[in-house]
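Below you'll find the structure, written out as structure tokens, and then a few comments.
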Amino acid sequence: MKKFYQFLMLMTVSSVSLADGNLMPIKVPEKVKSECASCHMVYPPAFLPKDSWAQIMSGLDKHYGTDASLDPQSIKEISQWLNQNAGTYKRVSSAPPNDRITESTWFIKKHRKISDSTWKGSKVKSKANCMACHTSADKGNYDDDEVRIPK
Ligand code: HEC
Ligand code: HEC
């Protein structure tokens with residue numbers, strides 16, 4: 001497990017300075033916090049390739065079944081940050097289905113032991129709800145020590 005965590009760190013090392021064991025770039029712009037963390041937490045940009053972020057940012061009016069439209073200036077600012085911090089490691093180099101972190105091959109593999117009933121249970125509800133199990137996910141921490149599956 002340690003190894004995998006290290007590979008995730010490597011994904012971002014080229015473009016971002018990282019806090020200790022942390023996948024979130026140290027500086028998350030206010031714009032991102034206000035516009036991309038109202039419905040869910042800010043997902044670490046390193047989990048998706050540039051292509052996926054570009055797709056997501058160009059289709060905010062139809063954002064996974066909801067309308068997350070923004071003004072052009074905000075789109076520009078947020079896109080820049082996502083682009084600069086996007087994943088570059090081989091395993092995130094091509095866009096996953098639906099530009100979802102949760103449909104990426106590595107994600108499926110890492111979570112294969114989790115049962116359907118856990119995913120769908122009232123405490124989790126969705127794979128995209130990282131915080132349900134990774135208690136410090138909003139800080140970019142996915143270390144095994146911080147994982148707990150809610151009962
Ligand atoms: C109006 C609410 C809302 C806003 C604002 C919003 N999102 Fe989302 N987002 C959603 C919903 C709903 C989903 C689907 C969650 C699920 O499947 O459980 C989602 C899913 C995602 C996913 C895919 C998660 C996965 O399954 O891997 C990404 C990536 C994402 N959002 C990025 C962003 C970014 C970047 C912004 C800011 C530009 C943003 N979101 C703003 C509602 C929102
Ligand atoms: C139902 C609980 C649950 C949810 C929700 C969940 N995870 Fe996980 N995740 C786990 C468990 C359990 C592991 C395996 C921990 C271990 O290896 O001991 C794991 C492992 C990981 C790992 C590998 C960590 C390592 O060091 O090997 C990453 C990265 C990760 N998850 C990211 C995410 C992201 C991103 C989301 C949301 C989009 C998410 N997870 C949602 C439970 C969850």
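The values are calculated or read from the model by the stated rules, or taken from the named source; none is laboratory data. These figures come from a predicted structure and were not determined experimentally. Glycine gets a Cβ as well: all are built from the backbone with ideal geometry, and neighbour counts include every protein chain shown. The protein model used for the area step is the full one, side chains on, heavy atoms only, and it has no ligands, DNA or RNA in it. Shrake-Rupley method; radii C 1.70, N 1.55, O 1.52, S 1.80 Å.
Observations on the model:
- Here the gap between ARG91 and GLU103, fully extended at 0.36 nm per residue and compared with their Cα-Cα distance, gives a gain of 3.1 nm.
- Accessible carbon and sulfur surface of the chain relative to its total accessible area, %, 1.4 Å: 53
- Secondary-structure-derived ellipticity at 222 nm for the chain, considering helices only, amounts to -10000 deg cm²/dmol, per-run term -39500 (n - 2.57) for DSSP H runs with n ≥ 4.
- Potential lengthening of the chain between ILE114 and GLU30 amounts to 26.8 nm, from the contour at 0.36 nm per residue minus the alpha-carbon distance.
- Normalised alpha carbon radius of gyration of region 2-146 [divisor 2.2 N^0.38 Å]: 1.01
- What you get for region 2-146, charging only the Cβ of Lys and Arg (+1) and of Asp and Glu (-1), is a dipole of about 560 debye around the Cα centre.
- The distance between label points at GLN84 and TYR64 comes to 2.4 nm (points 7 Å beyond Cα on the Cα→Cβ vector).
- The residues of the chain present an accessible area of 61 Å² per residue when probed at 1.4 Å with all protein chains retained.
- The gain in end-to-end length when the LYS76 to ALA128 segment is fully stretched comes to 16.3 nm, 0.36 nm per residue minus the alpha carbon separation.
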